[in-house]
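The values are calculated or read from the model by the stated rules, or taken from the named source; none is laboratory data. Since we're looking at a predicted model, the values are computed, not measured. Virtual Cβ from ideal backbone geometry, glycine too; neighbours counted across all protein chains shown.
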Amino acid sequence: MMRSMLLAALMGTALPMMALAQTADELKNDDKTPGDVLTYGMGYSQHRFSPLTQINRQTVKRLVPAWSYSLADNRGLEGQALVKDGVVFLTDHEKTVAVDALTGREIWKTMVEYPPETTRVVCCGIVNRGAALFDGKLYRTTLDANVIALDAKTGKEVWRTKSSDPKDGYSMTVAPLVANGVVIAGVAGAEYGIRGYLEGFDAQTGKSLWRTYTIPAKGEPGSETWPGDTWKQGGGSTWVTGSTPISISSTGAPAIRLRGIRSTARATTSTPTPCWRFSPRPARWSGTSR
């Protein structure tokens, strides 16, 4: 029974590494395809909901471990797993691994190296929150503020782009989001006086396409609320992956509205100059900023 339930949960994914290309439509419809998990939050809306019914209130008591795999990390694990074609992709702060979903066999493992002093500017956990998949590549961030692309079949590095310098207080733990061929990633480091931002990278080459800051510079809308030069160290970290609404304009360019900051940023992925729309509202925080 357990074997049949496991097979049902992974229906259509029993042949790992056979077809790992992901299209923009697959990502957009991730919440409608429960046989895989291609995006952080199981869809751009991040509802984390599956319509599968074989595991329910009556059958859940029959679940037992089928296999286990250890990342051998005593720092902490916060990354969401992705699943595609029978392969589970996992991340932590120092490695990325691909595991056979049916057997737990390690397919490949790629280590992440960063200067040891990097951890001095990571305030709230030496972690990584997950990866993104698109067009046969896996995208992730690193603690020393790099965005990297790996070949999803082999784990070999395809490109690496340095976004910021940890010496300036920046780090990256966010799970990237891919929209319209753009890899979108944010930063952590508000405790160290950074100026938070989102940055978009070309999914094929790693070229930086645009950067939009969460704290307006002098002369920008909203800058009058930041006296003197406080905007330069205003914080505004973006370490949580963006969610809905994803809107498609007439030109086919998705736009992403950020949640959880005083101002709402709408970043059009096809242009290097994002559009800002400010909607001040009371801040409601339930935890510490990172």
**Prompt:** Of everything in region 115-141 that's of a type outside the set (A, V, I, L, M) and assigned to a loop (DSSP other than H, G, I, E, B), which residue is nearest to the chain's Cα centre (by Cα)?
**Reply:** R129
**Asked** Going through region 143-165 one residue at a time, which ones are closer than 21 Å to E106 by Cβ and not aliphatic (A, V, I, L, M)?
**Response** D151, K153, T154, G155, K156, E157
**Asked** Could we say that E220 is farther than 27 Å from I107 by Cα and in a strand (DSSP E or B) here?
**Response** no
**Candidates R160, R129, R105, R140 - the one that is in contact with a strand residue (DSSP E or B) (Cβ under 8 Å, 6 or more places away or on another chain), free of Cβ contacts under 8 Å to residues at least 24 places away in the same chain and of a type outside the set (V, I, T)** = R105
**Request:** Could you tell me which numbered condition P16 fails, if it satisfies all but one of (1) at pLDDT 90 or above; (2) out of contact with any helix residue (DSSP H, G or I) (no Cβ under 9 Å at 6 or more places or on another chain)?
**Result:** (1)
**Message:** With the requirement that a residue be of a type outside the set (D, E, K, R), within 24 Å of V174 (Cβ to Cβ) and either touching a helix residue (DSSP H, G or I) at 6+ places or on another chain (Cβ under 6 Å) or outside any loop (DSSP other than H, G, I, E, B) (or both), what does region 223-245 give you?
**Reply:** W231, Q233, G235, S237
**Message:** Just checking, does region 36-53 include any residue being among the charged types (D, E, K, R) and either in contact with a strand residue (DSSP E or B) (Cβ under 7 Å, 6 or more places away or on another chain) or closer than 20 Å to V183 by Cα (or both)?
**Reply:** yes
**Prompt:** Which members of region 121-137 meet the condition of being crowded, with 23+ Cβ neighbours inside 10 Å and closer than 10 Å to Q22 by Cβ?
**Reply:** A132, L133, F134, K137
**Message:** Considering only region 91-103, I want to know if a residue exists there that is crowded, with 19+ Cβ neighbours inside 10 Å, closer than 22 Å to K207 by Cβ and more than 14 Å from the chain's Cα centre (by Cα).
**Reply:** no
**Asked** Out of (1) modelled with pLDDT of 95 or more; (2) over 16 Å from the mean Cα position of the chain (by Cα); (3) small (G, A, S), what's the single condition that is false for A81?
**Response** (2)
**Fill in**
E157 vs (1) farther than 13 Å from V122 by Cβ; (2) surrounded by 18 or more Cβ atoms within 10 Å (Cβ to Cβ): all pass except (2)
**Prompt:** (1) at pLDDT below 95; (2) surrounded by 18 or more Cβ atoms within 10 Å (Cβ to Cβ); (3) over 17 Å from the mean Cα position of the chain (by Cα): which one isn't true of A179, the others all being true?
**Reply:** (3)
**Residues of region 142-157 satisfying the condition of being of a type in the set (G, A, S) and in a strand (DSSP E or B)** = A149
